[in-house]
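Q: Below are the structure tokens for one structure; questions will follow.
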Amino acid sequence: MRPKPSRTPPADGPVFEVFDARSATVEGTAVRRLLPHPRRRTVGAWCFFDHFGPKPIPAGTRGMDVAPHPHCGLATVTWLFAGEALHRDSLGSVQRIRPGQLNWMTAGRGISHAEEGVIAEVDGEMHGVQLWVAQPDTTRNGDPRFEHHEALPELHREGLDVTVLVGALGSARSPARSDTALFAYDVRVGGRLTPGGLTPSVLPLDPAFEAAIAVVEGAVEVEGRGLSPGALAYLGTGRDALSLAGSGRVLVLGGEPLDEALLMGWNFVVRDAAELDAAFASWEADDGRFGTVDGARGERIIPKR
Ligand code: MN
């Protein structure tokens, strides 16, 4: 059967739909795949969300190693809570990724990259997320580019410590560039014990945006409902705030709804089966569309299909 593009339209108001992660394996590492979900393909332009770890990395060994592979029509966003990785891409970028630093690679018509584990000097762990942002039709055939941001704006509100990965929160604006209006916040939720009990903290949201939340550590009450790692709560649109209580760490993300049906196949985001075939064929033939990753440790990944 030929694959078909699909789209899940945004809810036209606030909802609270919990989708359990699917288990997947990326180069031997177990991940919780939160997006896409059969019932929720995108949240804003976010179209892929893998949460990996925490996985122990004993001293002298390295974390996840992903050999050179191609992308098109999307941006990859790597955000680590613990551990280190080394990014190499076909533009010649070689960049160490550490917790608190944002790695943003825009594929456009084509790019390839490798994500290498770094040998740990002491016992540690690998913990993070890999997200993809679908590029709109207007930019998806543009030039590839790579951005790395060593420091991002942080905001401290009562009971919340927020890092703005992309988009803005109040006057704090991330330097990351996105093709559509988008936001992602890494939020540490601290228990706020007051005489009346546990008081929730309030995270402002833009009501024009679609939003979703995932707990990556601990247990957090979102709008009074308990949420743990391994699930994505889709929040719909029309919310100007989110109540958060408990103790843990969450990723809140979303943006302007993407009004385009996407076809996702392997590492490609395209619009129809012919484009998907062309992308596979170019990578298999190594015809230059996706460039070459110099200095990578592993062999190019050739998918089975
Ligand atoms: Mn990749």
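Q: Compute the accessible area per residue over the chain, keeping the other protein chains in place, probe 1.4 Å, unit Å².
A: On the way: 12880 Å² over 305 residues.
Spelled out: the 1.4 Å probe surface of the chain, per residue, equals 42 Å².
Q: Filter the trypsin sites (Lys or Arg not before Pro) in segment 1-79 to those in DSSP coil with at most 15 other Cβ atoms within 10 Å of their Cβ, and list the result. Present the calculation step by step, with values, prior to reporting the outcome.
A: On the way: sites: 7, 22, 32, 33, 39, 40, 41, 62; in loops: 7, 39, 41.
Those satisfying the criteria are 7, 39.
Q: Still on this structure: Taking θ as phi - 60°, what are the ³J(HN,Hα) couplings along segment 209-218 by the Karplus curve (6.51, -1.76, 1.60), each to the nearest whole Hz, with x for Gly and Pro?
A: With the stated coefficients, segment 209-218 comes to 9, 7, 9, 8, 9, 9, 8, 10, 7, x Hz.
Q: What's the whole-number percent of alpha carbon pairs in segment 193-305 lying beyond 17 angstrom? Before the final figure, lay out the partial values.
A: Values: 4371 of 6328 pairs.
Cα-Cα pairs of segment 193-305 separated by over 17 Å account for 69 percent.
Q: Which trypsin sites (Lys or Arg not before Pro) in segment 202-293 sit in a loop by DSSP (not H, G, I, E or B) and have at most 12 other Cβ atoms within 10 Å of their own Cβ? Before the final figure, lay out each step's value.
A: Working: sites: 225, 239, 249, 271, 289; in loops: 239, 271, 289.
Listed in order of number, the matching sites amount to none.
Q: Something else: Based on the alpha carbons, how large is the Rg to Rh ratio for segment 49-123 when Rh follows Kirkwood? Walk me through the numbers before you get to the answer.
A: Details: Rg = 12.7 Å, Rh = 13.0 Å.
Using Cα coordinates only, the ratio equals 0.98.
Q: If you wrap a convex hull around the Cα atoms of the chain, how much volume per residue is inside, in Å³? Could you put the intermediate results ahead of the total?
A: Details: hull volume 39.5 nm³, N = 305.
Dividing the Cα hull volume of the chain by its residues yields 129 Å³.
Q: Quick one: angle between helix 273-285 and the longest Cα principal axis of the chain, in degrees between 0 and 90, rounded to 10, please.
A: With rounding to tens, the tilt is 60 degrees.
Q: Determine the relative contact order of the chain: mean sequence separation of Cα pairs under 8 Å and six or more apart, normalised by residue count, in whole percent.
A: On the way: 840 pairs, mean separation 70.7, N = 305.
With pairs under 8 Å counted, the relative contact order is 23 percent.
Q: Dipole size in debye (nearest 20) for the chain around its Cα centre, Lys and Arg Cβ +1, Asp and Glu Cβ -1? Numbers along the way, then the final one.
A: Numbers: 31 positive and 39 negative charges, 98 e Å.
Using Cβ point charges on Lys, Arg, Asp and Glu, the chain gives about 480 debye.
Q: Let me check against my output: what whole-number percent is the relative contact order of segment 164-305, with C-alpha pairs under 8 Å and at least 6 apart? Working shown, then result.
A: Numbers: 254 pairs, mean separation 31.2, N = 142.
That works out to 22 percent.
Q: Do any GluC sites (Glu not before Pro) in segment 83-163 lie in a DSSP loop with no more than 12 other beta carbon atoms within 10 Å, and if so, which? Walk me through the numbers on the way to the answer.
A: Values: sites: 84, 115, 116, 121, 125, 147, 150, 154, 158; in loops: 84, 121, 150, 158.
Answer in residue order: 121, 150, 158.
Q: If you roll a 1.4 angstrom probe over the protein chains with everything in place, what fraction of the accessible area of segment 208-305 belongs to carbon and sulfur, to the nearest %?
A: Working: 1850 of 4030 Å².
With neighbouring chains kept in place, the figure for segment 208-305 is 46 percent.
Q: Next question, about the same structure. Amide H of residue 111 versus every other amide H placed in the peptide plane: which residues, excluding those fewer than 5 positions away on the same chain, fall under 5 Å?
A: Correct list: 71.
The values are calculated or read from the model by the stated rules, or taken from the named source; none is laboratory data. As the structure is a computational prediction, the values presented were derived from the model and not from experiment. Every residue, glycine among them, receives a Cβ derived from its backbone with ideal geometry; neighbour counts consider all protein chains shown. Accessible surface areas use protein heavy atoms only, side chains included; no ligands, DNA or RNA. Shrake-Rupley method; radii C 1.70, N 1.55, O 1.52, S 1.80 Å.
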